[in-house]
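Heads up, the thing below is written out as structure tokens.
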């Protein structure tokens with residue numbers, strides 16, 4: 001992913017051994033089941049919405065686009081949040097998606 005936050009990059013510079021283990025852990029979890037990359041990215045996007053993690057949501061939106069998700073699919077994940085998280089939070093999630101889509105232009 002081209003847009004890694006400074007703090008994230010700095011963590012890997014400051015703690016390369018821990019960063020390597022973290023990346024291996026993520027890879028092992030990703031490969032532990034049948035979901036394809038795009039689906040995993042969309043699930044992580046939804047989880048980020050639920051946890052109210054704007055930075056995580058934006059990161060997973062970028063990753064989902066790179067994995068082949070369409071803007072409509074990202075928006076659909078945000079819409080699916082409405083019944084569970086509430087309308088105002090869903091609107092915030094949509095704004096995060098739109099910000100990512102603007103960056104991608």
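For the Cα atoms of the chain, what angle does the longest principal axis make with the long axis of helix 37-50, in degrees from 0 to 90, nearest 10?
The angle comes out near 70 degrees.
Give the order of 89, 60 when sorted by the count of other beta carbons within 10 angstrom, beginning with the fewest.
Numbers: 89 16, 60 26.
Listing 89, 60 from fewest to most nearby Cβ atoms yields 89, 60.
With a point put 7 Å past each Cα toward its Cβ, work out how far residue 18 is from residue 105 in nm, to one decimal.
Once both label points are built, they end up 3.9 nm from each other.
Helix 16-30 versus the longest principal axis of the chain: what angle, 0 to 90°, nearest 10, using Cα atoms?
That helix lies at roughly 50 degrees to the long axis.
I'd like the orientation of helix 54-66 relative to the chain: the angle between its Cα long axis and the longest Cα principal axis, in ° from 0 to 90, rounded to 10.
The two axes meet at around 90 degrees.
Under a point spin-label approximation (7 Å from Cα along Cα-to-Cβ), what is the residue 84-residue 25 distance to one decimal in nm?
Result for the modelled spin labels: 2.3 nm.
Using only alpha carbon positions, build the gyration tensor of the chain, then give the equivalent ellipsoid semi-axes as the square roots of 5 times its eigenvalues, largest first, whole angstrom. Don't jump to the answer; show the numbers that get you there.
Working: eigenvalues 120, 51, 36 Å².
So the equivalent ellipsoid measures 24, 16, 13 Å along its semi-axes.
Hey, rough spin-label estimate for residue 95 and residue 4, points 7 angstrom out along Cα→Cβ, what's it come to in nanometres?
According to this spin-label approximation, the distance is 3.0 nm.
Return the single residue from 24, 66, 54 with maximal mean-square fluctuation; model: Gaussian network over the chain, springs between Cα atoms under 10 Å.
Its mean-square fluctuation being the largest, the pick is 24.
Hey, what did the chain get for relative contact order, percent, Cα under 8 Å, at least 6 apart? Before the final figure, lay out the partial values.
Details: 71 pairs, mean separation 22.5, N = 105.
Averaging sequence separation for qualifying contacts and normalising by length gives 21 percent for the chain.
When 40, 75, 9 are ordered from fewest to most other Cβ atoms inside 10 Å of their Cβ, what list results?
Taking fewest neighbouring Cβ atoms as first place, the list is 9, 75, 40.
Values quoted throughout were computed directly from the atomic coordinates according to the rules given, and no laboratory measurement underlies them. Computed from a predicted model, the values in this text were never measured in an experiment. With ideal geometry, Cβ positions are generated from the backbone for all residues, glycine too; neighbour counts draw on all protein chains shown.
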